[in-house]
Amino acid sequence: MILEVENLKKHYPITKSFKESALVKALDGVSFKVTKQKTLGIVGESGCGKSTLAKALMALETRTEGSIKIENKEVTALSKSDFKSAIQMIFQDPYSSLNPRKKAWQLISEPLLINSKLSKKACFEKACQLMEKVGLRPEMAQRYPHMFSGGQRQRLGIARALALHPKILICDEPVSALDVSIQAQVLNLLMELQDEMGLTYLFISHDLHVVKHISDDILVMYLGKIVEYGPREKVFDKPLHPYTKALIASSPSVSIDKNEHEPISGELPSPLNPPTGCAFHKRCPMATDRCAVDTPVLETKDGRSVACFEV
Amino acid sequence: MLLDVKNLNLKFQTSKGVIHAIRDLSFNIKQGETLGIVGESGCGKSITNLALMGLLPDTADLTADKLEFEGSDLLSLKEKQWQKIRGADIAMIFQDPMTALNPCFTVGYQIEETLELHRKDLSKEERKEFVFELLDQVGIPAPRERAKSYAHELSGGMSQRVMIAQAIACNPKLLIADEPTTALDVTIQDQILKLLKDIQAKNNMAMILVTHDLGVVSENADRIQVMYAGEVIESGTSEEVIHSPKHPYTRGLLDSLPGNGDTSFRAPLSSISGMVPDLRFRPSGCQFNPRCFKSKEECSSSRPMLNQEDHQVSCFFPLSEG
């Protein structure tokens, strides 16, 4: 097991003067495991805690509770440089995640300059190698980010994340800002790199088709909690949780058999004032009285875990 | 014919040369029909809409053989005349509902503004009532309270509903939806598309649905036209275009979608090599020829035109059926 997350929680306190402080439970008891060289796809609507999860794993946010283990070692026990070479991240927006005042090679070699004792020249050479690896010509090393297209910028972001040879790469919506034809190129690159370097991916996306294509396991989140978690064939081909079903039905596709379905009503509830019982019960077509009172826990059913009373 | 466009050309004079943003664009829309326009960023989808709304910047140089809405010419309109049509006969929904609404005014006021301009027959009280009715129509719960809220108090889906209420306030004959659901989550996107479809059926309104998402157009449009570098390269019913595309570019776009083509796990996705051309330095001949797998000599020497069949395609070597 390369990555093990147990009962991870991230609560943000909201304090207002003269008022009782409230808690936003952005992550509420998330547990999962990823094996080496596999991909875990994380799906859910905005505000469900996908990005908070990524940030908590990257230690960009301090967690409230829970444990994160990389190769059976608690991350807090790892030294800073060990941690940084264990886990890295690719960001969503290739326009805002690159410093416009740095040249391509400087952007890529920044992690090296900070975390290794390589000379500047060695860093430059390393950056050129990395650029070649992600499909950019090394001549481009002296260019600034604005001289690259969106797809090329995303490749720069990938090269930068790979600089320290991480074992785990968190991809936070890496292709959602790109056009379809470019999206395919970047996805192909990610798959090739995974095979070549033995990377483990945590792939966050709202596009179910993309997640289905490259993920071994799928984790469906709703309001900070896991609602369904299991292998891709199980979750996609025979979804059990009504939310997973709704997500799959509502994602538009170009297939011949048009799916006639009624959209599910309502919106993601406010995390400041979550509904009692199951967080999904107000939008759920299968909800019963019990759903409004009790909170379902994850149970193993038909080869995957699902949190619902009605399945 | 509700809208008839023939050989529309749009150029921008810039310090770095002339950008020919739209080249010989021709299409038409019938009453009650949905036309889907797809293409990658920079292919001229959005600027076409702005041209149809009369919202082009001053630097734009617009020429056309014909640009008619309900038989009357739009090209010669003065700004005052545009103001009568805009919002009344042709309305538009923008991509990002969070920035398209004015943060300084209540949403109710912003909808009322449209009515105040175009529905002079209504009194102030009637207008207020009508706003509540509209908000109710687009599925906003408790419309009377919601009308008093500001844009930041609403979620993305709710804001987009307000935008739709504003757009349909004067019962337009043509609604231009420019990426109406791109900023929204899938379940909300589903709700909004359903709402647009219902309103369209009720008011017999024509709609131009612009998006980069092929899934959205294939499920919601009657006809689809595919744009590339400011030109229409393929046009036909959504079945024809999605399931038997004739242009190599359309084929390439469809094949690069995960979940289409080779759907097996982790199969390499086919992608279109290269990039969209810089519109200042257009390639000669067919605009797609540098990226096309079927490209021959003829493609770079002369320019293909849209053929005049039902399923139009501008290619010398169109793909055969199946």
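The values are calculated or read from the model by the stated rules, or taken from the named source; none is laboratory data. All values derive from a computational prediction rather than experimental measurement. As a convention, Cβ positions derive from the backbone with ideal geometry for all residues, glycine included, and neighbour counts pool all protein chains shown. Protein only, heavy atoms only, side chains kept; ligands, DNA and RNA dropped before computing areas. Shrake-Rupley method; radii C 1.70, N 1.55, O 1.52, S 1.80 Å.
Tabulated data for the structure shown
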| read-out | value |
| --- | --- |
| In the stretch A:164-177, the residues that are in contact (Cβ under 8 Å) with a residue 40 or more places away in the chain, more than 15 Å from A:T200 (Cα to Cα) and out of contact with any strand residue (DSSP E or B) (no Cβ under 8 Å at 6 or more places or on another chain) | A:S176, A:A177 |
| Tabulated pairs, the stretch B:274-288, first over 17 Å from B:S302 (Cβ atoms) and of a type in the set (G, A, S), second at pLDDT 90 or above and surrounded by 12 or more Cβ atoms within 10 Å (Cβ to Cβ), C-beta under 8 angstrom, 6+ apart or interchain | B:G274/B:P290; B:G274/B:R291 |
| Scope the stretch A:141-161; condition open to solvent by less than 50 Å² (accessible area, probe 1.4 Å), closer than 19 Å to A:I182 by Cβ and more than 14 Å from chain B (Cβ to nearest Cβ); matching residues | A:P145, A:L156, A:G157, A:I158, A:A159, A:A161 |
| Check on A:A77, buried (at least 17 other Cβ atoms within 10 Å of the Cβ) and among the small types (G, A, S) | no |
| Residue check, B:L193 open to solvent by less than 30 Å² (accessible area, probe 1.4 Å), closer than 20 Å to A:S250 by Cβ and touching a residue at least 24 places away in the same chain (Cβ under 8 Å) | yes |
| Verdict on A:L272 being under 27 Å from B:H243 (Cα atoms) and either in a loop (DSSP other than H, G, I, E, B) or within 12 Å of chain B (Cβ to nearest Cβ) (or both) | no |
| Residues of the stretch A:281-295 satisfying the condition of being in contact with an Asp or Glu (Cβ under 9 Å, 6 or more places away or on another chain), open to solvent by less than 60 Å² (accessible area, probe 1.4 Å) and part of a loop (DSSP other than H, G, I, E, B) | A:R283, A:C284, A:A287, A:T288 |
| Entirely in the stretch B:1-92, the strands (runs of 3 or more DSSP E) that have 1 or more residues that are among the small types (G, A, S), open to solvent by 30 Å² or more (accessible area, probe 1.4 Å) and in contact (Cβ under 8 Å) with a residue 60 or more places away in the chain | B:17-29 |
| Qualifying residue in the stretch B:203-212 (condition: at pLDDT below 90 and out of contact with any Phe, Trp or Tyr (no Cβ under 8 Å at 6 or more places or on another chain)) | yes |
| From B:L154, B:L174, B:L134, residue being crowded, with 18+ Cβ neighbours inside 10 Å, more than 14 Å from chain A (Cβ to nearest Cβ) and touching a residue at least 40 places away in the same chain (Cβ under 8 Å) | B:L174 |
| Filter result for B:A201 (open to solvent by less than 10 Å² (accessible area, probe 1.4 Å), at negative phi, away from every other protein chain (no Cβ under 11 Å) and of a type in the set (G, A, S)) | no |
| Output for the stretch A:116-136, where each listed residue is within 20 Å of B:G274 (Cβ to Cβ), open to solvent by 20 Å² or more (accessible area, probe 1.4 Å) and away from chain B (no Cβ under 14 Å) | A:E132 |
| Subset of the stretch A:196-246 (residues that are more than 9 Å from every other protein chain (Cβ to nearest Cβ), of a type in the set (V, I, T) and under 14 Å from the mean Cα position of the chain (by Cα)) | A:T200, A:I204, A:I218, A:V220, A:I226 |
| Which numbered condition B:K120 fails, given (1) closer than 23 Å to B:Q191 by Cβ; (2) not in a helix (DSSP H, G or I) | (1) |
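Here's the yes/no breakdown for (1) facing another protein chain (nearest Cβ under 7 Å); (2) surrounded by fewer than 21 Cβ atoms within 10 Å (Cβ to Cβ):
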position: B:I242; (1), (2): yes, no
position: B:T250; (1), (2): no, no
position: B:L254; (1), (2): yes, yes
position: B:P258; (1), (2): yes, no
position: B:S264; (1), (2): no, yes
position: B:P268; (1), (2): yes, yes
position: B:G274; (1), (2): no, yes
position: B:R280; (1), (2): no, yes
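Residues checked against (1) more than 14 Å from chain A (Cβ to nearest Cβ); (2) over 30 Å from B:V241 (Cα atoms); (3) of a type outside the set (A, V, I, L, M):
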site	(1), (2), (3)
B:N49	yes, no, yes
B:M53	yes, no, no
B:L67	yes, no, no
B:D73	yes, yes, yes
